[in-house]
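Notes follow once the structure below has been shown.
The values are calculated or read from the model by the stated rules, or taken from the named source; none is laboratory data. Note that the structure is predicted; figures quoted are calculated from it, not measured. So basically every Cβ, Gly included, is an ideal-geometry build from the backbone, and we count neighbours across all protein chains shown. Accessible surface areas use protein heavy atoms only, side chains included; no ligands, DNA or RNA. Shrake-Rupley method; radii C 1.70, N 1.55, O 1.52, S 1.80 Å.
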Amino acid sequence: MASTDRRAAVGAASSGAGEYLVADWVRVRAESFGLLFYDTRSTRLTFVRSGDSLVPPPFVAARRVLGVRASGENAPPALSRLLENLVARGLIIGAENDS
Amino acid sequence: MPRTTLSSTPLRAPVNVTWEVTKACNLRCGHCLSAGVGAPGRGELDLAQCRALLDELARMQVFQVNFGGGEPFLRADFLDILGEARLRGITSCVSTNGTVVDEILVEELLRLAPVYLQVSLDGARRKTNDLIRGPGTYDRILAGIETLASHGYPDLSLNMVVTRLNVGEVAEFDQLAKRYGAKTRLSRFRPSGAGCASWEDYRLTRDQLVELADYLGAHPEILTGDSFFALTPAGRRTLGLNMCGAAKMTCAVAPDGSVYPCAFLCDAAFCAGNVTAAPLSAIFGSSPVFARFRQLSVQSCRACDRFSDCHGGCPAVAWFLNKSLDQPDPECLRRVVPAKEVA
């Protein structure tokens with residue numbers, strides 16, 4: 001329940017700019033250090049020290065948007081670099097927000 | 001992106017769960033990690049209980065279930081279980097002896113894709129495999145593999161438990177797997193289940209351990225999971241975990257729902273609870289047995305220069321040989337080879 005509330009708040013904070021979708025072949029969950037990604041194609045794990053700046057979508061959903069606490073021009077450089085790194089690894093995909 | 005340090009951070013749920021869905025098996029392998037396989041066990045979880053466990057695994061956001069047994073495909077509702085796991089977004093890996101694989105089963109598995117299939121074969125040669133898995137099994141297993149290969153099954157690996165009898169065939173085994181478009185997986189022989197009785201006959205000699213470590217070091221493409229993390233050179237260990245994941249990254253569920261720290265420690269001394277009596281999340285989070293594993297530290301290894309690479313190795317091997325968890329892995333390279341010879 002707590003994570004649902006948190007996700008709603010994050011969703012509002014990140015609207016307006018481009019958003020990031022978790023790749024179809026990837027699962028991700030929250031851990032104390034940040035996010036833990038699992039690539040179903042290789043069964044490899046990626047540990048990401050993101051604190052609470054990134055919030056995972058539900059495990060199974062039609063469109064899984066990664067919650068970003070500060071995005072676009074408001075994103076700290078380190079967070080932008082982290083997102084670029086995750087895109088480069090094929091774990092998330094950048095998408096234009098059509099809302 | 002930091003990985004090695006974060007991987008030792010306590011997780012709120014396992015990454016994967018080994019689930020032995022039945023004790024039923026049509027083979028009697030000399031090294032089987034499970035004890036007493038043959039007929040289905042008493043009190044095995046029924047399909048409704050399996051669905052409830054899958055619901056719990058999904059709530060916990062467990063990424064992967066490694067299904068085993070016994071022979072999981074001997075369970076009449078096993079394809080239903082795989083389908084239910086898929087619906088919940090859980091990745092399935094199945095360890096099978098391959099003898100019941102036929103055209104119909106392969107088509108069903110392709111419909112449920114991805115299902116990572118690991119077929120056990122304990123030698124590149126008929127004589128070697130049949131000594132371990134039983135007379136006539138090599139041909140039956142190969143028939144299953146050929147059926148999978150003829151359908152272009154995409155997620156196939158051939159697994160060999162490395163013993164004194166087959167260690168000389170590792171390269172040949174790798175070639176055989178390639179011939180079928182499969183990956184090679186090597187697993188460590190541990191003295192659990194039926195392996196307790198065959199330990200002295202099957203365990204690797206000192207020279208074989210060194211040769212295997214060298215081979216794995218030179219062949220990073222061979223899958224080993226965490227089997228050899230304590231035994232192999234530093235370069236190889238970076239491919240997987242550098243510490244025992246029992247009760248931290250993984251845990252095991254027995255056919256009757258009993259929960260253990262890992263599939264190699266399904267011993268009454270380590271039963272942490274039962275999923276029919278308590279949610280797996282509660283067992284994983286608050287079991288004293290699991291808490292003990294998370295605090296486990298092999299003091300006698302702390303001074304070793306390889307401690308950060310293996311943290312004392314596999315506690316299951318130490319337990320079954322010495323009835324103590326606080327013992328170094330008996331097959332650690334540093335224990336069998338002088339320091340100057342170890343990479």
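Points worth noting:
- Single residue of the range B:9-28 satisfying the filter (touching a helix residue (DSSP H, G or I) at 6+ places or on another chain (Cβ under 8 Å) and aliphatic (A, V, I, L, M)) that is farthest from A:THR46 (Cα to Cα): B:LEU27
- Boolean, B:GLU107 is surrounded by fewer than 16 Cβ atoms within 10 Å (Cβ to Cβ), of a type outside the set (Phe, Trp, Tyr) and touching a His at 6+ places or on another chain (Cβ under 8 Å): yes
- Residue in the range A:55-76 that is assigned to a helix (DSSP H, G or I), open to solvent by less than 70 Å² (accessible area, probe 1.4 Å) and modelled with pLDDT under 95 present: yes
- For the range A:43-54, the tally of residues that are open to solvent by 10 Å² or more (accessible area, probe 1.4 Å) and under 12 Å from A:LEU91 (Cα atoms) stands at 3.
- Criterion (more than 23 Å from B:VAL317 (Cα to Cα) and in contact (Cβ under 8 Å) with a residue 40 or more places away in the chain) met by exactly one of B:ALA218, B:ALA171: B:ALA171
Let's see how each residue does on (1) among the basic types (Lys, Arg); (2) touching a Phe, Trp or Tyr at 6+ places or on another chain (Cβ under 7 Å):
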residue: B:ARG164; (1), (2): yes, yes
residue: B:GLU169; (1), (2): no, no
residue: B:PHE173; (1), (2): no, no
residue: B:GLY181; (1), (2): no, no
residue: B:PRO191; (1), (2): no, yes
residue: B:ALA194; (1), (2): no, no
residue: B:ARG206; (1), (2): yes, no
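- The range B:55-112, residues that are within 14 Å of another protein chain (Cβ to nearest Cβ), farther than 21 Å from B:ASN26 by Cα and either of a type in the set (Lys, Arg) or part of a strand (DSSP E or B) (or both): B:ARG59, B:GLN64, B:VAL65, B:ARG86, B:ARG88, B:THR91, B:SER92
Here is a yes/no grid of residues against (1) among the aliphatic types (A, V, I, L, M); (2) outside any loop (DSSP other than H, G, I, E, B); (3) open to solvent by 60 Å² or more (accessible area, probe 1.4 Å); (4) over 23 Å from B:GLU107 (Cβ atoms):
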site	(1), (2), (3), (4)
B:ILE141	yes, yes, no, no
B:GLY144	no, yes, no, no
B:LEU148	yes, yes, no, no
B:PHE173	no, yes, no, yes
B:LEU212	yes, yes, no, yes
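- Pairs where the first residue, in the range A:31-45, is more than 7 Å from chain B (Cβ to nearest Cβ) and the second is among the hydroxyl-bearing types (Ser, Thr, Tyr) and in a loop (DSSP other than H, G, I, E, B), C-beta under 6 Å, 6+ apart: A:GLY34/A:SER50; A:LEU35/A:SER50
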